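Visitor: Supplied in C-alpha cells, the structure appears directly below.
The values are calculated or read from the model by the stated rules, or taken from the named source; none is laboratory data. These numbers were taken from a predicted model, which means no experiment stands behind them. Cβ coordinates were reconstructed from backbone atoms using ideal geometry, including for glycine residues, and neighbour counts include every protein chain displayed.
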Amino acid sequence: MKNTFGNNITITLFGESHGPAIGCVLDGIAPGIKVDEDYIDSLMDLRRPKGKISTSRHEADKAKILSGVFNGFTTGTPISIIIANANTHSGDYAGLNVIPRPGHADYTAGLKYHGFQDYRGGGHFSGRITAPIVAAGAIILSALNNKGIYIGTHISSLGDIKDRDFVNYLSDIEGLYDKDFPTLDEETADKMRSCIEAAAAEGDSVGGILKTAVIGVPGGIGEPWFDSVESMLSHALFSIPAVKGVQFGKGFDLANMKGSEANDPYRISGDKVVTATNNNGGINGGISNGMPVEFSTVIKPTPSIYKQQDSVDLDKRSNTKLFIEGRHDPAIIHRARIVVDAMTAITIADLLVTHFGTDYLA
C-alpha cells in the first residue's frame, strides 16, 4: 500500500475525507528555504470552494506545520503538515459501501481494501486529500520562484468555450495567482462560470482541460527512459483525482502533422539556443531543452451528480438505482489548477535536485 511519490524529494499523503485530519510528510527538502505561512494560505485559498460553481462544504484548511520548519526556515528534516477536517456530513454517505457511486472509487476501493476502507466522502480517494499537496507545493513553489522558475495553469477549455493561450509567459503566470477562476481572458471566465452554473442547475457537472506552463527550467533535466520529464510529470499528474489525460506540447495533434511541421527548429537568440516553435513542449528525448515545459491535463466531470444513476447492490448482488445526496462540486477544474501547480512543482523540484544535488533549492 504505497502513498509516497518522488525519488529525492518525496511526498507521503495520509488521512481520509471525513477523518479527524488529512496531511502529508514532505521529505528531502534542503535546509534554509524560507517558509511563508501567509503565502501557503494564499495558495490554499485558490483551492477553496467559491460560490455557486463549487461545493457548499467549506473548511478552514489552515495548514499546520508540525516539524521540519524552525524560525521560518526549513531545517532539512521531514516537514509534517496537518489540516483538520471539521465540516463533515458523514450521514450523506450511508450505504455507499454497499451501493457504489458510478465514476467514483467506491467499488475499486472495496476490492483493494477488502471492505475495510473509510468510504465516507470518498475516504482516502477523495479530492479533499489534495489540500496537503497544495500546502507542500506552496513551500516548493516559493523556492522555485527564487531560482527563476515559475509555474502557472489556466483553464484552456470547458465544453466548447476556449481561453487564449499563454503569450507573455511571466506576466500571464503571475496574473493567474490573483484569480479565483483561472483564465487568461476575463470574458472567457464569465462564459465558463455560466456554463458551470447551468450544469449545476440541471443537477449535472462539467469537466475541461487545464494547460500548464513551466518557465525557467534549465536544459538537461530528466532521464532518457523511466524518469524522463514526461514520465515523472505524468506519474504525478495522474495521481490527482479526476485527471484522465495528459499531453505534452501539441500532444495528440502531432498525429496529424508531418515531421516538417512537428519538428521545433533550433535558433540562436543572444547567447542561448532556443526553438522557433514549441510543439514538443520543451522536452526532447525525455530531457528539458530550456524552452517552456508545456502540457495539458484533462479533468473529467465531477462524478457526484444530482441525477438518478444505475448501480448495483453488492450485498443483494442485484441491479439498483442510486440518487446521491450531500454537497458536491458541479465542476472542480477551477479548484484543481492549483493542485496541478503544486504537483508540478514537487516533480520539477525532484528532477532538479536529482540533477544538481540536494541543496539546489536552498
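Visitor: Give the residues of the stretch 279-310 that are touching a helix residue (DSSP H, G or I) at 6+ places or on another chain (Cβ under 8 Å) and of a type in the set (Ser, Thr, Tyr), sorted by residue number.
Guide: 288, 296, 297
Visitor: Then there is this: So, of the residues in the stretch 224-238 that are outside any helix (DSSP H, G or I) and modelled with pLDDT of 95 or more, which turns out to be surrounded by the fewest Cβ atoms within 10 Å (Cβ to Cβ)? Give the derivation first.
Guide: Residues of the stretch 224-238 outside any helix (DSSP H, G or I): 224-228, 238.
Going one step further and asking which of them are modelled with pLDDT of 95 or more, we end up with 227-228, 238.
Values: 227: 15, 228: 19, 238: 13.
Per the stated criteria, the residue is 238.
Visitor: Counting only residues that are among the β-branched types (Val, Ile, Thr) and out of contact with any strand residue (DSSP E or B) (no Cβ under 9 Å at 6 or more places or on another chain), how many does the stretch 151-192 have? Show your work before the answer.
Guide: So in the stretch 151-192, the residues among the β-branched types (Val, Ile, Thr) come out as 151, 153, 155, 161, 167, 173, 183, 188.
Then keep just the ones that are out of contact with any strand residue (DSSP E or B) (no Cβ under 9 Å at 6 or more places or on another chain); that gives 167.
Residues in the stretch 151-192 being among the β-branched types (Val, Ile, Thr) and out of contact with any strand residue (DSSP E or B) (no Cβ under 9 Å at 6 or more places or on another chain): 1 in total.
Visitor: Does the stretch 217-239 contain at least one residue that is among the aliphatic types (A, V, I, L, M) and under 22 Å from residue 50 (Cα atoms)? Spell out how you get there, then give the answer.
Guide: Let us first name the residues in the stretch 217-239 that are among the aliphatic types (A, V, I, L, M), namely 217, 221, 229, 232-233, 236-237.
Next, only the ones that are under 22 Å from residue 50 (Cα atoms) stay: none.
Scanning the stretch 217-239, I find no residue that is among the aliphatic types (A, V, I, L, M) and under 22 Å from residue 50 (Cα atoms), so the answer is no.
Visitor: Do we find that residue 139 is assigned to a helix (DSSP H, G or I) and buried (at least 21 other Cβ atoms within 10 Å of the Cβ) in this structure?
Guide: Values: assigned to a helix (DSSP H, G or I): yes; buried (at least 21 other Cβ atoms within 10 Å of the Cβ): yes.
Judged against the criteria, residue 139 is a match.
Visitor: Take the stretch 98-124 and flag every residue that is surrounded by fewer than 20 Cβ atoms within 10 Å (Cβ to Cβ), among the aromatic types (Phe, Trp, Tyr) and under 23 Å from residue 23 (Cα atoms).
Guide: Across the stretch 98-124, the qualifying residues are 113, 116.
Visitor: Among the residues of the stretch 38-59, which ones are at pLDDT 95 or above and either of a type in the set (Ser, Thr, Tyr) or surrounded by fewer than 17 Cβ atoms within 10 Å (Cβ to Cβ) (or both)?
Guide: Matches in the stretch 38-59: 38, 39, 41, 42.
Visitor: Related question: Taking the residues in the stretch 1-15 that are closer than 25 Å to residue 358 by Cα and part of a loop (DSSP other than H, G, I, E, B) as candidates, determine which candidate is modelled with the lowest pLDDT.
Guide: Taking the candidates together, the pick is 2.
Visitor: Let me ask something else. If you check residue 221 against the conditions, is it over 21 Å from the mean Cα position of the chain (by Cα), modelled with pLDDT of 95 or more, more than 17 Å from residue 296 (Cβ to Cβ) and β-branched (Val, Ile, Thr)?
Guide: Working: over 21 Å from the mean Cα position of the chain (by Cα): yes; modelled with pLDDT of 95 or more: yes; more than 17 Å from residue 296 (Cβ to Cβ): yes; β-branched (Val, Ile, Thr): yes.
Spelling it out, residue 221 is indeed over 21 Å from the mean Cα position of the chain (by Cα), modelled with pLDDT of 95 or more, more than 17 Å from residue 296 (Cβ to Cβ) and β-branched (Val, Ile, Thr).
Visitor: Of the residues 326, 290, only one is of a type outside the set (Asp, Glu), part of a loop (DSSP other than H, G, I, E, B) and out of contact with any strand residue (DSSP E or B) (no Cβ under 9 Å at 6 or more places or on another chain); which?
Guide: Details: 290 fails: out of contact with any strand residue (DSSP E or B) (no Cβ under 9 Å at 6 or more places or on another chain).
So the residue among 326, 290 that is of a type outside the set (Asp, Glu), part of a loop (DSSP other than H, G, I, E, B) and out of contact with any strand residue (DSSP E or B) (no Cβ under 9 Å at 6 or more places or on another chain) is 326.
Visitor: Same structure again: Quick check on residue 176: is it closer than 14 Å to residue 296 by Cβ and under 16 Å from the mean Cα position of the chain (by Cα)?
Guide: Judged against the criteria, residue 176 is not a match.
Visitor: On to the next question. Out of contact with any strand residue (DSSP E or B) (no Cβ under 6 Å at 6 or more places or on another chain), at pLDDT 90 or above, under 30 Å from residue 228 (Cα atoms) and crowded, with 17+ Cβ neighbours inside 10 Å: does that describe residue 345? Break it down stepwise before answering.
Guide: Working: out of contact with any strand residue (DSSP E or B) (no Cβ under 6 Å at 6 or more places or on another chain): no; at pLDDT 90 or above: yes; under 30 Å from residue 228 (Cα atoms): yes; crowded, with 17+ Cβ neighbours inside 10 Å: yes.
It is false that residue 345 is out of contact with any strand residue (DSSP E or B) (no Cβ under 6 Å at 6 or more places or on another chain), at pLDDT 90 or above, under 30 Å from residue 228 (Cα atoms) and crowded, with 17+ Cβ neighbours inside 10 Å.
Visitor: Then there is this: Suppose the filter is surrounded by fewer than 21 Cβ atoms within 10 Å (Cβ to Cβ), in contact (Cβ under 8 Å) with a residue 40 or more places away in the chain and over 26 Å from residue 39 (Cα atoms); does residue 165 pass it?
Guide: Working: surrounded by fewer than 21 Cβ atoms within 10 Å (Cβ to Cβ): yes; in contact (Cβ under 8 Å) with a residue 40 or more places away in the chain: yes; over 26 Å from residue 39 (Cα atoms): yes.
Against the criterion (surrounded by fewer than 21 Cβ atoms within 10 Å (Cβ to Cβ), in contact (Cβ under 8 Å) with a residue 40 or more places away in the chain and over 26 Å from residue 39 (Cα atoms)), residue 165 qualifies.
Visitor: Right, next: Can you tell me which residues in the stretch 259-278 are crowded, with 18+ Cβ neighbours inside 10 Å and either part of a strand (DSSP E or B) or in contact with a helix residue (DSSP H, G or I) (Cβ under 9 Å, 6 or more places away or on another chain) (or both)? Spell out how you get there, then give the answer.
Guide: Here is the first cut: in the stretch 259-278, the residues crowded, with 18+ Cβ neighbours inside 10 Å are 264, 275, 278.
The answer is 275, and nothing else.
Visitor: Where the second residue is part of a loop (DSSP other than H, G, I, E, B) and among the hydrophobic types (A, V, I, L, M, F, W, C) and the first is free of Cβ contacts under 8 Å to residues at least 24 places away in the same chain and within 15 Å of residue 249 (Cα to Cα) and lies in the stretch 263-289, which pairs have Cβ atoms under 9 Å and are six or more apart or on separate chains?
Guide: Listed by first residue and then by second, the contacts come to 265/276; 275/291.
Visitor: Just give me the residues in the stretch 241-258 being farther than 30 Å from residue 124 by Cβ and assigned to a loop (DSSP other than H, G, I, E, B), in sequence order.
Guide: Restricting attention to the stretch 241-258, the residues satisfying the condition of being farther than 30 Å from residue 124 by Cβ are 249-258.
Listed by number, the residues that qualify are 249, 250, 257, 258.
Visitor: Looking at 323, 356, can you tell me which residue is closer than 30 Å to residue 35 by Cα, surrounded by fewer than 21 Cβ atoms within 10 Å (Cβ to Cβ) and not small (Gly, Ala, Ser)? Don't jump to the end; show me each part of the working.
Guide: Values: 323 fails: closer than 30 Å to residue 35 by Cα.
So the residue among 323, 356 that is closer than 30 Å to residue 35 by Cα, surrounded by fewer than 21 Cβ atoms within 10 Å (Cβ to Cβ) and not small (Gly, Ala, Ser) is 356.
Visitor: Quick check on this structure: which one of 113, 93, 150 is at pLDDT below 95, among the hydroxyl-bearing types (Ser, Thr, Tyr), out of contact with any Pro (no Cβ under 9 Å at 6 or more places or on another chain) and more than 24 Å from residue 331 (Cα to Cα)? Reasoning before the result, please.
Guide: Details: 93 fails: more than 24 Å from residue 331 (Cα to Cα); 150 fails: at pLDDT below 95.
Every option except 113 fails the conditions.
Visitor: Return yes when residue 148 is more than 26 Å from residue 323 (Cα to Cα) and surrounded by fewer than 21 Cβ atoms within 10 Å (Cβ to Cβ) and no when it is not. It would help to see each step written out before you state the result.
Guide: Values: more than 26 Å from residue 323 (Cα to Cα): yes; surrounded by fewer than 21 Cβ atoms within 10 Å (Cβ to Cβ): yes.
So residue 148 passes the test.
Visitor: State which residue is surrounded by the fewest Cβ atoms within 10 Å (Cβ to Cβ) when the search covers only the stretch 178-211 and only residues that are outside any helix (DSSP H, G or I) and of a type in the set (S, T, N, Q). Spell out the reasoning first.
Guide: Within the stretch 178-211, the first condition is being outside any helix (DSSP H, G or I), and the residues that meet it are 178-185, 202-211.
From the residues that got through so far, the ones that are of a type in the set (S, T, N, Q) too are 183, 205.
Details: 183: 24, 205: 22.
So the residue we want is 205.
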